[in-house]
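Below you'll find the structure, written out as structure tokens, and then a few comments.
The values are calculated or read from the model by the stated rules, or taken from the named source; none is laboratory data. Since we're looking at a predicted model, the values are computed, not measured. Because the Cβ atoms are built from the backbone with ideal geometry, glycine has one as well, and the counts that use them run over all protein chains shown. Side chains included, ligands, DNA and RNA excluded: accessible areas come from the protein's heavy atoms. Shrake-Rupley method; radii C 1.70, N 1.55, O 1.52, S 1.80 Å.
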Amino acid sequence: MTSFAVAVSLLALLPFGFIIWETLTTGWETAVSLIFRRRVGELLINTLLLEALAIPLCCAIAVALAWLTERSDLPGARFWAWLGVAPLAVPAFVQSYAWVSMFPGIHGLGGGVLVSVVTYFPFVYLPVAAQLRQLDPAIEDAASALGLGPWAVFFRAVLPQLRLAIVGGALLVGLHLLAEYGLFAMIRFDTFTTAIVDQFQSTFNGVAANMLADVLVLCCLGLLLLEGRARGDGGYARVGGGSARAAMRKQLGVWLLPALALLVMICCLSLGIPVITLYRWLAAGGVAIWDFDALGGALGQTLVLSLAGAALTTLAAMPLAWLSVRAPGRLHRLLEACHYYLGALPGVVIALALVTIAVRVALPLYQTAANLLFAYVLLFLPRALVSIRASIAQAPVELEWTSASLGRSPMATIWTVTLRLAAPGIFAGMALVGMGITTELTATLLLAPTGVHTLATRFWSLTSELDYAAAAPYAVMMVVWSLPLTFLLYMQSRRVAGR
Amino acid sequence: MSTLTLTGITKRYGSVAAVDNVSLKVEHGTRTAVVGPSGSGKTTLLRLIAGFEPPEAGCIAIDGEVVADQGVIVPAHRRSVGVVSQHGALFPHLTVAGNIGFGMGRRAKDRDRRIAELLDAVELPQAMGGRKPRDLSGGEQQRVALARALARRPRLMLLDEPFSSLDTSLREVMRAMVARVLDDAGTTTVLVTHDQAEALSFADRVAVLHRGQLVQAGSPQDLYFRPQSPMVAAFLGDIVALPAVIEGDLAVCALGSIAVTADGRAGTTTIFLRPEQLRLVPTTAVDSDGEVIGSGFAGPTSTVIVSLGKRPEPLRVRMSSQDAPPVGTPVKFVVLGKARILP
Ligand SMILES: Nc1ncnc2c1ncn2[C@@H]1O[C@H](COP(=O)(O)OP(=O)(O)O)[C@@H](O)[C@H]1O
Ligand SMILES: [Mg+2]
């Protein structure tokens, strides 16, 4: 089991090793000339500005929304909580397609920030809302008793306790901003990822693309370090025994109308615009845009790829997850940390590495479904690991011992007890991966063999031809596909909090 | 023949020796209680015997078969040792019947009959077989756990504080039931507990564990009346310790001259009595040993606090609330049986 886990981890390190290898073999002069040039500077400024503007905005919106839905007497709080998560069902590039359709002039930094914020704020909303539900209201009571007014209580007693959730969500947003291709390409805002894909597609200039990838990886690393800093020294334990009593909801009073206005505005921007755009394109396109052959083909291929990818990823993650729960030694901690960092590698970097390796070393793999599936496994392994780990932790080790004392062999025990108990969580993790693959664009664009078209790539090629109407059915199908995923995420965050 | 033989068993976690050079024999068909304060290594010892972890040093033999020694480790599922843990550890995804039948093999011919028998044995209604563990009370869960462990007719049964999560009244009933079921099945048993009363009443033999070391083993009476260390004396029950001068078969102390088992010792030492050896009699101020200065009421019994003239700290004696003298009464002690020298 350990050797399997190590093998998986070594494979997962392949793209990273490739980047380092490339950098080392490129030669100092070439590397310097490719990295220290005007273009890279521009991209860097774009990226930094995007992160610096979008992340705080996402956090502010998410915290306000979370407080309103969890802690105020807002009418229909449950419904609004749903709307806070629902934007996750709209893939980023569909969101940006909707905005471009409605406001054809949108472009550049302003557009990029606007669309990213409405797309990604749920990544912060989910953990913050979960954390807010978990907070012990006794701390707030104590703060008020010490003479703090309601605003001071929020900023000095509540907000610090949300820190981990906010920082964690912000990291996710930041990494998505770095890795996203479709969203920014559509509104013509250049980031490292779009530049790498352009470079790759126009000239297949391996070295130049790889140097850009280097800088991109450094950006991710910087983000991770920043997160480590901002996270502080860990959690805040609840003091004393007993379960926390449910918090009182604050009365909004005269603030009700402004609060509702804020919520309605967020919903209009994040959900209203895609819904209206899709509806308009579908209405305008009529029957003509429903080319069922192409649609059916793309759907079928997407399904096959998602199922295969999800199954493979889960299989690869299982031994590592099991070991890290049951035998948390130094080696396993190292492997886990390694996957945590690999989880930050953008899809475009992984894809680029796999293409180049295939071309140079294993040509038969070039443009095969196997290579694409391998990329999916690498891309989604860290996420699968997290959810499988959590579900294995649900099956107490005591039950494994009991099973052994009743005469079941270790393998039989894992099969009939551990996996049986962890199954719901493992399937949820599999579904998350599968649905993630359904809307994956960047790696699929670079790696898909000729003739393989997923919903995302079809959609993408149609919008590239500016046939927005014909792209609409694909967008609708991806959104419909992503709804269960969104529901799953929502339920998971509820369950964690309801522990 | 001994069913279980431990020889010099040691298990360390980091620098802590959770089990330190423990040797113990458990005879066939007997009940042994391992008792010790929380953290003394009881659970670790059971886990080593069950085979969930290997010992660092020492040898474990069951029915003469070596199951753990340098280089030889028989895995838990081949040891045929039954385990019942503190919270039962029932499989939440199986019904009660499924839990009991877990170790039997799915197609065993008499599976259903066995399950019915075992439900009877642990005094559970047959209808309970179809229920899920989460619908059971704590006591019912423990009964199912016991039935499940018995189903395979283990060579040895290990019980890790199986009663400690139950409330006091249920504990007595369960203890009697478990003792009867194990006797009927003739199963050799090791019970681990931090409750000395439970150990003394349940077992034929008691072993006291302290900081991972086995400090004394013997019959319950032996340990209670003839402890070989102050720790064992104090752990197995309340003691009244008094400085005394031994003169032949008498000890001269704050209670006057009392009979003592001197075992040849003489001179100044500390003797001890169990509080139930003391009787308080109200008397006149002249020939009293001391005076009642306080009293703690606990229903049927009261703890009476008596200040002795010469001694700085007062004595505490538990007695029937009916007889408890009021505060201020001069009292005299009558000592039943003999005092012992505190080792
Ligand atoms: N898995 C473990 N890792 C580290 N220390 C342990 C572990 N299990 C037990 N210990 C330590 O060993 C000692 C004995 O523990 P345990 O056998 O559980 O005691 P008991 O059951 O008598 O309360 C304790 O000091 C405990 O902290
Ligand atoms: Mg214990």
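Numbers for the structure displayed
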read-out	value
Relative contact order computed over chain A (Cα-Cα under 8 Å; 6+ residues apart), in percent	22
Sites B:Ala116 and A:Thr368, calculated FRET efficiency, Cβ-Cβ separation with R0 45 Å, nearest 0.05	0.15
Amide H within-cut-off set for B:Glu27, under 5 Å, with H built and near neighbours excluded	B:Thr3
Square roots of five times the Cα gyration tensor eigenvalues for the protein assembly as shown, Å	69, 33, 26
Gyration tensor (Cα) of region B:240-341, equivalent ellipsoid semi-axes in angstrom	25, 14, 11
Estimated FRET transfer efficiency (B:Ser201, B:Arg106; beta-carbon r; R0 41 Å; 0.05)	0.55
18 Å cut-off, amide nitrogen to a point 7 angstrom out along B:Glu172 Cα→Cβ, residues in region B:196-240	B:196-203
3J(HN,Hα) from dihedral phi, region A:342-347, Karplus parametrisation 6.51/-1.76/1.60, rounded to Hz, x for glycine, proline	4, x, 8, 5, x, x
The protein assembly as shown: calculated mean residue ellipticity at 222 nm from DSSP helix runs of at least 4, using -39500 (n - 2.57)	-17000 deg cm²/dmol
Computed P(r) (all Cα pairs; chain A; 10 Å bins; percent)	4, 17, 28, 27, 16, 7, 1, 0
HN-Hα J in Hz across region B:333-340 - Karplus 6.51, -1.76, 1.60, θ = phi - 60°, x for Gly and Pro	9, 10, 9, 8, x, 10, 7, 10
Spin-label zone in region B:26-59 - amide nitrogen under 11 Å from a point set 7 Å from the Cα of B:Arg12 along the C-beta vector	B:56-57
Residues of region B:136-162 with amide N under 18 Å of the 7 Å Cα→Cβ point at B:Asp183	B:157
Sequence of B:Val22, A:Val361, B:Val327 from largest to smallest accessible area, 1.4 Å probe	A:Val361, B:Val327, B:Val22
Span from the region A:41-69 Cα centroid across to the region A:139-188 one, whole angstrom	11
Euclidean distance of C-alpha centroids, region A:436-481 and region A:99-132, integer Å	21
Accessible surface, 1.4 Å probe, highest first, among residues B:Lys11, B:Lys25	B:Lys25, B:Lys11
Isotropic mean projected area of the C-alpha convex hull, region A:346-499 (nm²)	12.3
Full-extension gain in nm, B:Ser2 to B:Asp249, via 0.36 nm per residue minus C-alpha separation	85.0 nm
B/A buried area, accessible surface, summed, 1.4 Å probe, Å²	1700
Highest-MSF residue in chain B out of B:Leu158, B:Leu119, B:Leu136 [GNM, Cα springs under 10 Å]	B:Leu136
Whole-Å semi-axes of the ellipsoid equivalent to region B:1-86 (Cα gyration tensor, √5λ, descending)	19, 16, 13
Percent accessible area from carbon and sulfur atoms, chain A, protein chains only, probe 1.4 Å	71
Unit charges on C-beta of K, R, D, E only; dipole of the protein assembly as shown, Debye	600
Dipole moment magnitude, nearest 20 debye, region B:240-341 about Cα centre, only Lys, Arg, Asp, Glu C-beta charged	200
Other-chain or far-sequence residues with amide H under 5 Å of B:Ile293's (modelled H)	B:Ile305, B:Val306, B:Ser307, B:Gly328
Rounded percent of accessible protein surface that carbon and sulfur make up, region B:2-235, 1.4 Å probe	50
Chain-alone versus full-assembly comparison, region B:60-92, residues with accessible loss of at least 40 Å² (1.4 Å probe)	B:His77, B:Ala89, B:Phe91
Average accessible surface area per residue within the protein assembly as shown, 1.4 Å rolling probe, Å²	45
Heavy atoms of B:Asp135 accessible to a 1.4 Å probe, total area in Å² rounded to 10	80
Hz values of 3J(HN,Hα) by residue in region A:462-474 - Karplus curve (6.51, -1.76, 1.60), Gly and Pro given as x	5, 5, 5, 7, 6, 8, 5, 5, 5, 6, 4, x, 5
Within 10 Å of each Cβ in A:393-401, the average number of Cβ atoms from other chains	4
